[in-house]
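The block underneath contains the structure these notes are about, expressed in structure tokens.
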2 protein chains.
Amino acid sequence: MRAGLDIGGTKIDAVAIDDAGTPVQRLRLATGFGEAEVLANAAAAVTGLQRLARSEFDSIGVGIPGLVDPATGRVRHAVNLGFDDTAFGSGLENLVHAPVAVENDVNAAALGAYHLMALSGPVAYLNLGTGLAAGIVVDGSLWRGARGVSGEIGHIPVDPLGAVCACGQRGCLETVASGGAIARLWPIEHAYPAQALFAAAAGGDPEALRIRALLFSGVAAAVRILVLTVDVESVVIGGGLSHVGAPLLDGVRGVLAGWAGSSTFLASLDLPGRIRLLPDGLSVAAVGAAMLGAPAAVLRP
Amino acid sequence: MRAGLDIGGTKIDAVAIDDAGTPVQRLRLATGFGEAEVLANAAAAVTGLQRLARSEFDSIGVGIPGLVDPATGRVRHAVNLGFDDTAFGSGLENLVHAPVAVENDVNAAALGAYHLMALSGPVAYLNLGTGLAAGIVVDGSLWRGARGVSGEIGHIPVDPLGAVCACGQRGCLETVASGGAIARLWPIEHAYPAQALFAAAAGGDPEALRIRALLFSGVAAAVRILVLTVDVESVVIGGGLSHVGAPLLDGVRGVLAGWAGSSTFLASLDLPGRIRLLPDGLSVAAVGAAMLGAPAAVLRP
């Protein structure tokens, strides 16, 4: 058995998987804030899972938002968790006495989605959260690239006249196709701002329609980039915005189909047919994190 | 020994490589036009090399401009060679009685550049020819993607107000950063239009300066895209435009350095340090083609 933790800004999603990679136990608890608290809660999640699963774990995997060095388990810029530079992997190992692997949360989710959705071929997991980024899975393993920036497509500019991005560039994909973009362009107090935007657009609000169109074409541009670079077979759309569901998928497919109508080259790529939505309720980041320690046979069924 | 042919629009560049992958013989002859003529000349190149090398070949590799299915050796849309849909691999096998592997010429050049320049890590070969496309090498092998469109970054749009591309989209990288773009934007009768453009720009011509700036930023955008998707360690700039030499490399590095000045994120990627120019005089496509048939040990030294 292996454990995987998805450490989010508010909660830790923890799963235990069996030797076939199937999730068999799950628990959730609050993340807390700051290095000591987050480490203690992560250790409590492992202990709790162990009790539920009545088993020790061969390995623990952690998916965490921040700049992660998988080789050392070091985490930087985890601003939402309240720490900037922490040896998270060895810190947790000291608490739970089992080998710990740490990975960026989007990469962990990519691995989990690949497995739980029984995908094959090269796959990208396109995370539409506060930001926009993709995790890439090739032959069942994460493609991390030369220096760990593979899939950081949110910071590819696609419009010289676009908005200035937090990264300092202008017109990045993230400035139109992310939760942060919606918060900036459609600032309201609502538990689910994207759903509120889509409801307003469905009601005919012209500004909501405009922002929704920007979102659709931004996501479509991300899909086009992933196919024309890595040539992934499938792009799985996940992250907070994916909870909008079919209206998001249909809107992005509509943009891609429109592009195909004016470009036989694009039409030959079948972009609408390559995208799919992450189904609700899958603990992809936690399961993917658990798989970080699994042998190749589990990862490549 | 293995033979590799780079079949260009006007000439066939043919090399023989030894078991260590070192080129030991080279010859060039005219390509001809149309399926029968090109096949006959390709076979003549193999026979000629065989005579020079005083050896039979274990395999023949072919790099060819067009849409290639490496699994079957089928070539489509080879418009410059005068055929549209040809079983080129089996056609050549019938003439030379040795196994033939066929690959897109940019992919073949990527493999050859990786080997001849003794590169390591994931590498992209950015071909600035009539069009713009990249070949990607991972662990010493070509990354072809799910459906053979990996690296087709010339058709990623980066400016909604840009020129209409031959592919039907608007503002593709290829519309500013390719030989075709220079021919359209700076139409003159000259054997080396890019050199003429750079000479005019160096002389202060405002229009030449504007077009050169577009070229620099288009190539820089291509490099940024290759790093933020695949995260290649190096981008080798090759193709006809690369003969401009240092002024091209310096210009692109200048744009990348400028971007880094306004984005600490981009600065952290060290894009200027990741690009290099293909040295003149290397038969990269022919050597890469020859390597298509070589065992992994030769490809991954």
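Here are some notes:
- Relative contact order, whole percent, for chain B stands at 21, derived from Cα pairs under 8 Å and 6 or more residues apart.
- Radius ratio Rg over Rh of the range B:118-277, counting only Cα atoms, Kirkwood formula for Rh: 0.96
- Between copies, A:Thr22 shows label-point distances of 5.8 nm, shortest first, with the point placed 7 angstrom from Cα along Cα to C-beta.
- The charge dipole of the range A:120-277, taken about the Cα centre with unit charges on the Cβ atoms of Lys, Arg (+1) and Asp, Glu (-1), comes to about 120 debye, rounded to the nearest 20.
- Here the Debye sum runs over all C-alpha atoms of the range A:54-112 as equal scatterers in vacuum, and log10 of I(q)/I(0) at q = 0.16 Å⁻¹ comes out as -0.47.
- Helices in chain B, meaning DSSP H runs of at least 4 residues, each add -39500 (n - 2.57). Divided by all residues, the mean residue ellipticity at 222 nm is -12000 deg cm²/dmol.
- Under-5 Å amide H pairs with A:Phe33, H placed in peptide plane, nonlocal only: A:Val38
- Segment B:Thr47..B:Ala191, full-extension length gain: 48.7 nm, with 0.36 nm per residue of separation and the alpha-carbon distance subtracted.
- Peptides ranked, highest mean first, by Cβ atoms within 10 Å: ranges B:231-243, A:241-253: B:231-243, A:241-253
- A:Leu52 label point (Cα plus 7 Å toward Cβ) to equivalent points in the other copies: 6.8 nm, shortest first.
- Only Lys, Arg (+1) and Asp, Glu (-1) charged, at Cβ; the protein assembly as shown dipole about Cα centre in debye: 320 debye
- To the nearest ten degrees, helix A:206-229 and the longest principal axis of the Cα atoms of chain A are 70 degrees apart.
- The range A:82-160 - convex hull of alpha carbons, volume per residue in Å³: 157 Å³
- Shielding by partners - mean other protein chain Cβ count within 10 Å, residues of B:146-154: 6
- Residues B:Ala20 and A:Glu56, FRET efficiency given R0 of 41 Å [Cβ-Cβ distance, rounded to 0.05]: 0.25
- Environment charge at A:Ala286 (Cβ cut-off 10 Å; Lys +1, Arg +1, Asp -1, Glu -1): -1
- Shielding value for B:55-67 is 0, the average number of Cβ atoms from other chains within 10 Å of each residue's Cβ.
- Acute angle (nearest 10 degrees) that the helix B:193-202 long axis makes with the longest principal axis of chain B, alpha-carbon atoms: 30 degrees
- Highest GNM mean-square fluctuation among A:Leu49, A:Leu266, A:Leu277, for chain A modelled with Cα contacts below 10 Å: A:Leu266.
- Restricting the calculation to Cα atoms, the range B:181-272 yields a radius of gyration followed by a Dmax of 14.0, 43 Å.
- Kirkwood hydrodynamic radius of chain B, Cα pairs, Å: 19.6 Å
- Think of the protein assembly as shown as having a plus end and a minus end, set by charges on the Cβ of Lys, Arg, Asp and Glu; of A:Ala191, A:Leu119, A:Ile17, A:Ala191 sits farthest toward the positive end of this dipole.
- Shielding of peptide B:114-120 by partners, expressed as the average count of other chain Cβ atoms within 10 Å per residue Cβ, is 0.
- Computed over the protein assembly as shown, the quotient of the alpha carbon radius of gyration and 2.2 N^0.38 Å is 1.02.
- Residues of the range A:24-55 with amide N under 17 Å of the 7 Å Cα→Cβ point at A:Ser90: A:36, A:39
- In chain A, the beta carbon lying closest to the axis that superposes A onto B belongs to the residue given here with its whole-angstrom distance, A:Thr229, 2.
- Placing a label point 7 Å from the Cα of B:Ala183 along the Cα-to-Cβ direction, the distances to the matching points in the other copies come to 5.0 nm, shortest first.
- Around B:Ser217: net Lys/Arg minus Asp/Glu count, Cβ-Cβ under 15 Å: +1
- If you take all other residues with their beta carbon under 12 Å from the beta carbon of B:Ala200, and give Lys and Arg +1 and Asp and Glu -1, the sum is 0.
- Degrees between helix B:35-53 axis and first principal axis of chain B (Cα, 0 to 90, nearest 10): 70 degrees
FYI, it's all coordinate maths here, none of it is from the lab. Model, not experiment: these values are computed from the prediction. Backbone-built Cβ (ideal geometry, glycine too); neighbour counts: all protein chains shown.
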